[in-house]
Amino acid sequence: MKIKILVLTIFYFIGSFNLSYAANSEKVDQISKNLRCLICQGQSVYDSQSDFALSMKILIQNKIDEGKNDEQIYDFLKSKYGEWIVYDPEINKNTVLLWVLPLILFVFGGILILRKVSIK
Amino acid sequence: MVKNIKLIAVVFLVIVSFFILLKGLNKTNNYSPNLNSSNIDFNFKAKFLYSNEETTLYELINDKDFSLINIWASWCLPCRDEHPYLLNLNSLGKLNIIGINYKDSEVNAKKFIKELGNPYSKIVVDPSGVNSIELGAYGVPETILINNNSKTILKKYIGPLDDKKLAELKMIIKNEN
C-alpha cells in the first residue's frame, strides 16, 4: 500500500512538472511557428533543429519569462533581423504588388465573366 | 474579340512571369538584413572566458576608436581559416577585437586560443547562443566592425574573413580616421 502511494505521488509530481513545462513551451512553439529560420530557408524556427533556431527558441522563452508579449517579441526580432524573419509581410512599397495583385486578378476575372455573360 | 483579349492576357501573363523568374535567377537566396536597420543593444550581458565575471557590451568596447566583434567557436572549421586574419588585424593596433565564443566548451575554446594565438583583447562566452541572436547574428563565424564613438555598425561580415574582406576592413578604418 505504501509503495502504491509513493509511486502515485512520484507520478503526480512528474505529471505536474511536465504540465508546467509544456505550458511555457507551447507559447514558444506558437511564436516560433511564425518565424522564418534564416539560415535554413523553407523551414520555420519551430521546425528547425539548427543552432540558430535552437538559440532563437531559448531567446523567445527568456523574453516570455521577462514578461514580454508576442508583439514585443516579434518587434524585437524584426529590429534585429528585418521584416523577413516573420512570415506575415507588412504592406510597404516592396510588398504592395503582393497584396494588390490578387485584387487586380479578381477584378480582371470578373470583367471577363461579365463580358461572356453579356455576349450570350 | 473576346478570344483576342484572352490570348493577349495569356501572352502578357507568360511574359511577365518569365521576366519575374529571370530576375529571380540572378538574385542570391541568402538573405541578409539591411545594416542600417540592425541596431545593437549595448546592454548585452555575458561572462568572460577567462574569469567568471559578467560584463556588458558598453564595458567591452570602451577603448580605442573601433571595435571588431568576432563570433567564433573551436568546432567551427572556417573560424580556423580566418584566425590568421584576426591576428593580422590585431597587429595594426587600432582595433579592439572582442571574441564571442559561441556554443563551445570552455576547455576546447581555451585550447583553440592556445594553439592558434589570441587576437582578442577580451573574450566572452555565449553557451546558449542567445547573446549572438541579440547581436543579430546568424552563426559562426561572423564579424562586426563598430565605431566606438558613434556606437554604430560600420560593416558586418557573415562567414569567414578573407583577403578581400581584410583589405576592405583596413580601408574603412583608414577612411574613418
Whole-Hz ³J(HN,Hα) for each residue in the stretch B:100-115, computed from phi via Karplus 6.51 cos²θ - 1.76 cosθ + 1.60 with θ = phi - 60°, x for glycine and proline: what do you get? 10, 8, 8, 6, 10, 8, 4, 4, 5, 5, 5, 5, 4, 5, 5, 6
Explain nothing, just the number: relative contact order of chain B, from Cα pairs under 8 Å at least 6 residues apart, as a whole percent. 24
FRET efficiency for A:Phe108 and B:Phe18, Cβ-Cβ distance as r, R0 = 30 Å, nearest 0.05? 0.95
Label A:Lys27 and A:Cys40 with points 7 Å out from Cα along Cα→Cβ: what is the distance between them in nm? 2.5
How long is chain A along each principal axis, judged by its Cα atoms, biggest number first, in Å? 88, 40, 26
From the C-alpha gyration tensor of the protein assembly as shown, square roots of 5λ in Å: 45, 33, 16
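Give, as a single signed number, the net charge of other residues whose beta carbon lies under 13 Å from the beta carbon of B:Thr152, with Lys and Arg counted +1 and Asp and Glu -1. Don't skip to the answer; put the middle values down first.
Details: positive: B:Lys151, B:Lys155, B:Lys156; negative: B:Asp65, B:Glu176.
Overall, the nearby charge balance is +1.
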What's the percent breakdown of Cα-Cα distances in chain B across 10 Å bins, shortest bin first? 9, 34, 29, 10, 7, 6, 4, 1, 0
With angles folded into 0 to 90 degrees, how steeply does helix B:2-26 sit against the dominant principal axis of chain B? Use alpha carbons for both and round to 10. 20
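For peptide A:71-77, compute the average count of partner chain beta-carbon atoms within 10 Å of each residue's beta-carbon.
For this peptide, the per-residue mean of nearby foreign Cβ atoms is 1.
Only the coordinates and a few stated rules stand behind these numbers; no lab work does. A quick note: this is a predicted structure, and the numbers were derived from the prediction, not measured. With ideal geometry, Cβ positions are generated from the backbone for all residues, glycine too; neighbour counts draw on all protein chains shown.
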